[in-house]
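Laboratory data are not the source of any read-out in this text; all were calculated from the coordinates shown. This is a predicted model, so every value here is computed, not measured. Neighbour counts are summed over all protein chains in view; Cβ atoms, including those assigned to glycine, are modelled from backbone coordinates with ideal geometry.
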Amino acid sequence: MLNYVSTTGGGEAVDFETAILNGYASDGGLYVPEQLPKIDSAQLASWKGLSYKELAFEILSLFIPRTAVPAEDLKGLLAQAYADFYVEEIIPITKLASRKDTYIMELFHGPTISFKDIGMAFLVNLVDYFLAKRNEHLSLVVATTGDTGPAAAFYTAGKKHLDVWVLYPEGKITPEQERQITTLVASNVYPVSVANCTQGGDDLDAIIAKMYADPAFKAKLNISSVNSINWGRVMMQTVHYFYGYLQLVEEIGTPINIATPSGGFGNLGAGSLAREMGLPIQTFVAANNQNACLHRIFEEGIFSLEPIVSTPASAIDILIPMNFWRYLYFKLKGDTNAIKEYKQVFDTVGSVRFKREHHRILREGFSSYSVSDSETLAEMKQVFENEAYLLDPHAAVALQAAKNADRVDASLTTLCLATAHPAKFPEIVKEALTTEVLPEGATHFSIEKAAEACEKKLHCDLAYAQKALMAFMEENYTQKQS
Ligand SMILES: *Cc1c(COP(=O)(O)O)cnc(C)c1O
């Protein structure tokens, strides 16, 4: 049976269910499967023509033992997870007419119109499924840069075995994203607006880390996480890379390039796992905005904390690509000592330089680019003017990076991941297109509906948020028990 171990080598190997429910490994590392399943070209070829859900069933079956989730239940969970998507194909792919061999994979047709729905849809249903079997209850605590929060709230709403506390940095997510979190009626969703987060979502991750570090609190409230470090999200996000590849190529084995707008490296990290498993991707382009942490890692071999800046692609205003450690684990063939050392240095001084040999290995098959704000806006405008296709700012970052990154074979087909619907960013769309009137395609009925609903939220200041929130959560828990 496939067991899960920590990227930093501590603690016991655990089974799939435990890895999903725990979120973090007991030594603070991230769970990884002991071995990655390998997929050969015959198997890949046999998957051609499968729907997204059918393909997901095949790939997840490589990671999830039938003893944990029987085949019929897995099919049921997948059907339930994607029932709320707005389009039948789940993930449509369109060709950009004005750019050579360039395709857009639209990952934003879920209920909260960002790619976070893809992983969250399955993970939250899976967690609830395990909890129902055990007759247990979990409180999820998540931080968000704008899109994880709405997805976690939507999928948790009304679940019998789950609550969710959604922490978001006041003023750093769009009003549209905020209302996706605050307008749900469900009594098991607790939106928390936190003022004065100068480091954005990273400030909130720090609060959550402190909650985890308090064993009595963690045990009493039974808290866990469905942020992008959860193996369930990463595993699910490998599927759309396989799906996109199988949709695009005629002949299995043909290499393509893929560009992904990246912050926490959960999505792109999953892509690189798909490649480790056997998917023929030539180059992955890590598309950063001005917050260029990944670009510095790939180009200079330095992982360093720099001050955060606000950009039009705000969901990737992220300083710490937490999933990078997971990527490194596979690239360094499970050298947990090296990872532990790098992580310790980074956690202590806020910066670490990778050994020359490790830098060489980790940039194999990768390129990167840091896109400026004006490039992002110009790309949105150009594609809209050329072919009346409206990109959201994150997809624009991916397209720009694919065009400008070094060491990319431009003769290959390029797949760019569009991770959010532009309706989440109406002010950016207006600025990019230099118009006061939103064009068709820049709105979405779910956003319009939320604009006219009551909001509920807790509010506190970062200075006292951790203490206040822990006290509130505990009191709330005690009241619910009695
Ligand atoms: C979260 C998010 C990303 C980045 O995904 P990571 O897995 O954190 O790298 C990109 N685009 C959008 C719109 C997002 O919400």
Label the stretch 232-388 by shape, choosing from rounded, prolate and oblate, from the square roots a ≥ b ≥ c of the eigenvalues of the Cα gyration tensor; if a/c is under 1.5 it is rounded, and otherwise prolate applies when a/b is larger than b/c, oblate when it is not.
oblate
Please state the shape class of the stretch 347-482: rounded when a/c is under 1.5, otherwise prolate if a/b exceeds b/c and oblate if not, all from the C-alpha gyration tensor.
oblate
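Loop-only trypsin sites (Lys or Arg not before Pro) in the stretch 118-164, please: DSSP not H, G, I, E or B, and at most 11 other Cβ atoms within 10 Å. Don't skip to the answer; put the middle values down first.
Numbers: sites: Lys133, Arg134, Lys159, Lys160; in loops: Lys159, Lys160.
Passing both the DSSP loop test and the Cβ count: Lys160.
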What is the distance in Å between the Cα centroid of the stretch 248-290 and that of the stretch 428-482?
32
When we measure straight from the Cα of Lys424, which lysines land under 19 angstrom away, once same-chain ones fewer than 8 places off are left out?
Lys116, Lys172, Lys381, Lys449
Hey, what do the phi angles of the stretch 107-115 turn into as Karplus ³J(HN,Hα) couplings, whole Hz, using 6.51/-1.76/1.60 and θ = phi - 60°, x for Gly and Pro?
9, 10, 9, x, x, 10, 6, 9, 5
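Would you mind checking Lys218/Lys343; Lys53/Lys457; Lys100/Lys430 for any pair whose Cα atoms are more than 32 angstrom apart? It would help to have the intermediate numbers written out before the result.
Numbers: Lys218/Lys343 24 Å; Lys53/Lys457 35 Å; Lys100/Lys430 27 Å.
Table pairs above 32 Å Cα-Cα are Lys53/Lys457.
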What net charge is computed for the residues neighbouring Lys38, neighbours being all others with C-beta under 15 Å from the C-beta of Lys38, Lys and Arg scored +1, Asp and Glu -1?
-2
Give, in nm to one decimal, the length gained when the segment between Lys48 and Glu455 is fully stretched (0.36 nm per residue of separation minus the Cα-Cα distance).
142.0 nm
With the dipole of the chain worked out from charges on the C-beta (+1 for Lys and Arg, -1 for Asp and Glu) around the Cα centre, which of His359, Val14, Ala423 lies farthest toward the positive end?
Val14
For the stretch 17-28, just list the computed ³J(HN,Hα) in residue order, Karplus coefficients 6.51, -1.76 and 1.60, θ = phi - 60°, integers in Hz, with x standing in for Gly and Pro.
4, 5, 4, 5, 6, 6, x, 8, 6, 5, 8, x
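Using only Cα atoms, what Kirkwood radius does the chain have, in angstroms? Let's see the in-between values first.
On the way: mean 1/r = 0.0444 Å⁻¹.
Final number for the Kirkwood radius of the chain is 22.5 Å.
Which value, in debye to the nearest 20, describes the size of the charge dipole of the chain about its Cα centre when Lys and Arg Cβ atoms bear +1, Asp and Glu Cβ atoms bear -1, and nothing else is charged? Please report the intermediate quantities before stating the final value.
Details: 41 positive and 57 negative charges, 191 e Å.
It works out to roughly 920 debye.
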Where in the stretch 23-121 are there GluC sites (Glu not before Pro) that are in a DSSP coil and have at most 14 other Cβ atoms within 10 angstrom of their Cβ?
Glu34, Glu88, Glu89
How about Lys331: which aspartates and glutamates have a C-alpha closer than 14 Å to its C-alpha, ignoring those fewer than 8 places off in the same chain?
Glu34, Glu276, Glu357, Glu364
Total formal charge among the other residues, if their Cβ is under 13 angstrom from that of Ala19, Lys/Arg +1 and Asp/Glu -1:
-2
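Once you list every other residue whose beta carbon is under 13 Å from the beta carbon of Thr435, what net charge do they have if Lys and Arg are +1 and Asp and Glu are -1?
Numbers: positive: Lys381, Lys430; negative: Glu385, Glu427, Glu431, Glu436, Glu440.
That works out to -3.
Among Ser310, Ser262, Ser139, rank each residue by its count of other Cβ atoms within 10 Å, from fewest to most, as a rough exposure measure.
Numbers: Ser310 13, Ser262 32, Ser139 21.
The order, fewest Cβ neighbours first, is Ser310, Ser139, Ser262.
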Separation in nanometres of the label points that stand 7 Å from Cα toward Cβ, at Gln35 and Asp214:
4.4
Just how far, in whole angstrom, is the stretch 76-112 from the stretch 172-191 if you go by their alpha carbon centroids?
24
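Check every DSSP H run in the chain and write down those whose alpha carbon atoms cover 24 angstrom or more along the long axis and whose mean Kyte-Doolittle hydropathy is 0.5 or greater. Each step should come with its number before you reach the end.
Details: long enough: 116-134 (27 Å, 0.57); 231-248 (27 Å, 0.09); 462-481 (29 Å, -0.53).
Counting only whole DSSP H runs, the qualifying helices are 116-134.
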